[in-house]
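Data first, discussion second: the structure below is written as structure tokens.
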Amino acid sequence: MKIEIIPAIDIIGGQCVRLTQGDYARRTVYAADPLEVARSYEALGIRRLHVVDLDGAKAAAPQNLDTLRKIATSTRLEVQYGGGIKSEEALRAVLDAGARRAICGSIAITDPDRFAGWLTAYGADAVILGADTKAGRVAINGWQEAAETDVQTLIRRFEAYGLKQVICTDISRDGMLTGPNFDLYTALQQEFPAIEIIVSGGISSRDDLVRLDELGLRSVIVGKAIYEGRITLQELEQCLQNE
């Protein structure tokens, strides 16, 4: 299996949680200590961890940098971190706290020139575009608002600035365990072959991972399916051994 599996840790109040369809009122707490969860993934052979600061997304500024710092200093995991990165100060704080990559979403819509400047200044290896979609439109500000732009237009806008990675979450499937939107991700990867389209939302089983791999997708974020036991740690380990 060539596809890279990136487990997700979503944080509210320092705890690991998962939201259903981005709804803060529909959350489940899965673990009190994100660092222990991160270490368990590292022990399996995971290389990259997806950390979402849900408090930060709501507050429009990162709120869980201490947790990020603990994970970055206590493991060898490459952390990609998102949630509330709307200023250069916030971007620097996230990278200084140990994130290998910072995920920026809303700013790419609300201030595209600034986001393009970050891609140029910090490099496309350090800055990931978060292009989350709801009913064909990009959703911003913790998924609370829908923009007028579609995902393809958003990606195309930043291609010229060397964009390398895009996390695309289909919000209608996020946390629903119904399977990802295979057609969406296949179409995006074919339209933008030089960009890594990171699949997010709806992963429900190992079979989903196998199919995404067969379709040529390069990486996938898995969250609730692991916490709910739909993909066991043993299956995860087997996938990693087959890479």
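Scanning segment 201-212 for residues that are touching a helix residue (DSSP H, G or I) at 6+ places or on another chain (Cβ under 9 Å) and at negative phi yields ILE203, SER204, SER205, ARG206, ASP208, LEU209, VAL210, ARG211, LEU212.
A single entry from ALA61, ALA93, ALA102 fulfils the requirement of being over 22 Å from ILE3 (Cβ atoms) and part of a strand (DSSP E or B): ALA102. Residues of segment 37-83 that are open to solvent by 10 Å² or more (accessible area, probe 1.4 Å), among the hydroxyl-bearing types (Ser, Thr, Tyr) and closer than 15 Å to LEU95 by Cβ: THR73 alone.
Residues in segment 84-122 that are among the acidic types (Asp, Glu) and either open to solvent by less than 10 Å² (accessible area, probe 1.4 Å) or over 15 Å from ILE155 (Cα atoms) (or both): GLU88, GLU89, ASP96.
One residue stands out in segment 227-243 among those that are acidic (Asp, Glu) and in a helix (DSSP H, G or I): the one that is farthest from GLY179 (Cα to Cα), namely GLU237. Looking only at residues in segment 1-18 that are closer than 17 Å to ARG48 by Cβ and open to solvent by 10 Å² or more (accessible area, probe 1.4 Å), the one that is farthest from the chain's Cα centre (by Cα) is MET1.
Could you check, for segment 191-212, whether at least one of its residues is in contact with a strand residue (DSSP E or B) (Cβ under 7 Å, 6 or more places away or on another chain), surrounded by fewer than 20 Cβ atoms within 10 Å (Cβ to Cβ), at pLDDT 95 or above and not in a loop (DSSP other than H, G, I, E, B)? Within segment 191-212 (the criterion being in contact with a strand residue (DSSP E or B) (Cβ under 7 Å, 6 or more places away or on another chain), surrounded by fewer than 20 Cβ atoms within 10 Å (Cβ to Cβ), at pLDDT 95 or above and not in a loop (DSSP other than H, G, I, E, B)), the answer is yes, since at least one residue qualifies. Of all residues assigned to segment 133-141, none qualifies as being outside any helix (DSSP H, G or I), hydrophobic (A, V, I, L, M, F, W, C) and modelled with pLDDT of 90 or more.
The values are calculated or read from the model by the stated rules, or taken from the named source; none is laboratory data. Since the structure is predicted, the reported quantities are computational estimates derived from the model, not experimental observations. No Cβ is skipped: glycine too gets one built from the backbone with ideal geometry, and neighbour counts run over all protein chains shown. Protein only, heavy atoms only, side chains kept; ligands, DNA and RNA dropped before computing areas. Shrake-Rupley method; radii C 1.70, N 1.55, O 1.52, S 1.80 Å.
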